[in-house]
Every structure is written in C-alpha cells, then in structure tokens.
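The values are calculated or read from the model by the stated rules, or taken from the named source; none is laboratory data. Model, not experiment: these values are computed from the prediction. Because the Cβ atoms are built from the backbone with ideal geometry, glycine has one as well, and the counts that use them run over all protein chains shown. Protein only, heavy atoms only, side chains kept; ligands, DNA and RNA dropped before computing areas. Shrake-Rupley method; radii C 1.70, N 1.55, O 1.52, S 1.80 Å.
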Amino acid sequence: MSMLYVVGTPIGNLQDFSPRAVEILQSVDFIAAEDTRVTLKLLNHFQIKKPLVSYYEHNLRERGEQIVARILAGERCAVVSDAGMPCISDPGEDLVRLCAEASVPVQVIPGPSAAISALAISGLSTSRFTFEGFLSVNKHSREEHLQAVQHETRTMIFYEAPHKLCRTLEDFRRTFGDDRKIALCRELTKIHEEVLRMTLGEAVEYFASTPPKGEFVLVLAGEEPKAPETFTLEDAVSRAKAYLEEGKKPTEAAKLAAKECGFSKSDIYKNLV
Ligand code: SAM
C-alpha cells in the first residue's frame with residue numbers, strides 16, 4: 001500500500017534507533033535522505049540495504065514531486081534526516097504537505113528530537129513551551145524574531161551551531177537581560193553530554209573563555225508573568241479625579257476608574273463628589 005513514513009533517527013546514540021524504525025526501513029521500497037552518505041552509515045550499522053534518493057533543502061520542490069509520484073504509483077517511501085525527527089528544522093515538512101495534498105497516507109515512526117530531549121532535562125518549566133528553531137543570520141530577521149519573543153512567558157527552545165553560540169548569547173542577554181535563566185544542553189546522548197544551567201550573564205562570561213564545542217540546544221526561561229496591579233479605594237478615587245480634570249463628567253470618571261481598579265462605581269462616586 002502506498003505510504004510515506006516519517007522516521008526519526010538517533011541524535012547521537014545509535015542504540016536509540018527503535019526496532020520498529022529498523023523494520024520499516026527494511027520494508028520500504030526506497031528511502032529519501034537528507035544526506036545519503038550519513039544515512040548509509042546508519043543503514044550499514046543495522047545491515048539494511050535499500051535504494052536511497054537525496055532529499056534536502058536545495059532540491060525539495062522538484063524531488064518532492066518525484067517522490068510523491070512514485071508513492072502514488074504504489075511504492076512505499078521512508079523519509080529520514082541526518083539526525084532526529086525529519087520536518088523539525090530539517091527537510092520533510094514539504095514532503096508531508098505534498099502527500100497530504102495528494103491524499104497519500106503518512107505515518108510517523110517517532111524517534112528522539114534534540115528539542116524535546118533538551119527541554120526534558122533543562123530543569124526549566126516544561127508545562128508550556130515554544131520551539132523557535134535557529135535564529136536567522138540576517139540581521140533584520142534576527143532582530144524581528146528576538147523582538148517578537150522578548151516578553152514571551154513560555155519556555156523557549158532554540159537550536160544553535162557552536163560557532164554562532166557566543167553571538168547568540170550576547171543577543172539573548174541584550175534582549176532578555178543578565179538574570180534570565182538558560183540551560184545549554186550539549187552533545188545530548190553522546191559521550192560528552194552536558195547541561196549547563198546558568199543565567200545569560202554567566203553564560204556570556206563562561207563562553208568568552210571556553211570555546212563552545214559540539215551541538216547545542218538552548219532552553220531559555222520565559223519572562224516571569226507580572227503580578228496583577230492591586231489598587232486601594234483611594235487610588236481609584238484619585239484616578240477618577242484625574243478624569244474629572246481631563247473634563248469627564250463625574251459619573252463617567254467614576255465608571256472608568258471602577259473598571260480599571262476593580263471597585264464599584266458608586267463607592268468611587270460617593271468619594272468623588
Ligand atoms: N531534526 C533534528 C531534531 O529533531 O532534533 C534537528 C536538526 S537541526 C538541523 C540540528 C540542530 O539540532 C543542531 O544545530 C543542534 O542545535 C540540535 N542538535 C542535534 N543533535 C543534538 C545533540 N545530540 N545535542 C544537542 N543538540 C543537538
């Protein structure tokens with residue numbers, strides 16, 4: 001039966017490849033791989049022999065249509081990326097969309113994703129989070145992205161390459177302040193796995209003297225939600241008086257102040273006139 005399988009692969013430790021993933025790769029007609037050389041190593045390790053086609057950022061459109069045509073003709077295909085879940089900051093999203101448009105069934109064979117693995121061991125709040133992917137290298141888009149999340153209250157997950165880490169930490173510190181908590185999750189599932197939990201100020205300082213090595217996920221705490229303002233009746237009355245000075249009628253001034261300060265309109269009005 002025609003099918004596209006979206007297959008997760010290990011992010012460092014080959015033992016994380018599931019028996020079901022092996023079975024599916026053994027059973028499909030062909031595999032669409034981000035980098036065929038990387039996938040060949042994985043296939044060799046698990047003694048899987050399958051035809052590979054390359055499917056990556058720069059040939060997605062044309063190759064995607066060819067893959068869908070083959071599936072529609074009755075073949076079964078698995079899409080994999082170099083590491084982790086396809087479609088998550090990796091090729092695959094487009095192919096799934098093309099399949100959905102052509103009513104081709106798509107199944108997922110879940111595997112590790114660096115984002116979720118990092119979040120789980122970050123020590124930061126996991127109840128609500130956002131995935132931000134990579135920051136753009138383009139100055140304008142990068143700044144727009146940072147401004148859009150400046151007051152985000154949910155935990156944020158970013159991917160970053162080691163040679164860009166210091167610049168990103170500087171930009172984070174400028175946007176979110178010295179004291180914001182961050183967990184830098186490095187080389188997950190590999191020999192040198194490490195989680196550095198610090199503030200942005202400490203992280204900038206630390207990496208100024210320790211050159212970043214390996215792959216990083218940055219898990220950043222969200223902004224603390226602000227406590228709701230509390231008002232006394234006196235505050236509410238002075239707010240209403242300010243409205244009077246602006247030329248509002250006493251009833252209108254009391255109504256506005258009541259709405260803003262959470263007191264009854266009549267209590268404010270009594271103290272106003
Ligand atoms: N699709 C992948 C996934 O599901 O995790 C992510 C691919 S993205 C192109 C690569 C980025 O993921 C790296 O730059 C790094 O930020 C993060 N990453 C991948 N493997 C990692 C690991 N073992 N430890 C820490 N971060 C990792």
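Per residue, the solvent-accessible area of segment 3-112 (1.4 Å probe, heavy atoms of protein chains only, all protein chains present) comes to 51 Å². Ordered by 1.4 Å accessible area with all protein chains kept, Met156, Met1, Met85 run largest first as Met1, Met85, Met156.
Taking the chain as a Gaussian network, where each spring joins two C-alpha atoms under 10 Å apart, which residue of Lys139, Lys241, Lys164 fluctuates the most? Result for the chain, Cα springs under 10 Å: Lys241 fluctuates most.
Computed extension length for Glu260-Lys41: 72.4 nm, one decimal, from 0.36 nm per residue of separation with the Cα-Cα distance subtracted. Relative to the longest principal axis of the Cα atoms of the chain, the long axis of helix 139-149 makes an angle of roughly 60 degrees. Here's how it looks for Phe134: its modeled amide H is under 5 Å from those of Tyr159, which are all 5 or more places away or on a different chain.
Computed from Cα positions, the angle between helix 60-72 and the longest principal axis of the chain comes to roughly 60 degrees. For segment 150-273, the solvent-accessible area with a 1.4 angstrom probe is 59 square angstrom per residue. Between the beta carbons of Asp235 and Ser125, assuming R0 = 51 Å, the FRET efficiency works out to 0.95 to the nearest 0.05. Comparing Phe216, Phe46, Phe176 in a Gaussian network model of the chain where C-alpha atoms under 10 Å apart are linked, the largest mean-square fluctuation is found at Phe46. Legend: residues Arg61, Arg180, sorted from most to least accessible area (1.4 Å probe; ligands, DNA and RNA excluded), read Arg61, Arg180. Legend: calculated FRET efficiency, Ala227 to Glu187, from the Cβ-Cβ distance at R0 = 45 Å, rounded to 0.05, equals 0.70. For segment 68-84, backbone nitrogen atoms closer than 20 Å to the point 7 Å from Val53 Cα along Cα-to-C-beta are found at 68-82. Overall, the anisotropy analysis places segment 1-79 in the oblate class: the square-rooted eigenvalues a ≥ b ≥ c of its C-alpha gyration tensor yield a/c not less than 1.5, with a/b not exceeding b/c.
Helix 36-45 and the long axis of the chain differ in direction by around 70°, with both axes built from C-alpha atoms.
With a simple spin-label model that places each label point 7 Å from the Cα along the Cα-to-Cβ direction, the separation between Lys248 and Gln147 comes to 3.1 nm. What a 1.4 Å probe finds exposed on the chain is 51% carbon and sulfur by accessible area, rounded to a whole percent. Residues within the reach of a label modelled at Glu62 (point 7 angstrom out along Cα to beta-carbon, backbone nitrogen below 19 Å), restricted to segment 13-52, are 32-36, 52.
Simple rule: put +1 on each Lys or Arg Cβ and -1 on each Asp or Glu Cβ in the chain, find the dipole, and look at Thr189, Ala21, Met1; the Cα lying farthest toward the positive end is Met1. Using a Gaussian network model of the chain in which every pair of alpha carbons under 10 angstrom is joined by a spring, one finds that among Gly247, Gly201, Gly177 the greatest mean-square fluctuation is at Gly247.
Taking amide H as placed 1.01 Å from N in the peptide plane, the amide H of Gly84 sits under 5 Å from that of Thr9, Ile11, each at least 5 places away or on another chain. Pull up all non-local amide H partners of Val53: gap of 5 or more, or a different chain, and H-to-H distance under 5 Å with H placed in the peptide plane. Those lying under 5 Å, H to H, from Val53 are Ile31, Ala32, Ala33. For segment 204-246, backbone nitrogen atoms closer than 18 Å to the point 7 Å from Arg154 Cα along Cα-to-C-beta are found at 218-226.
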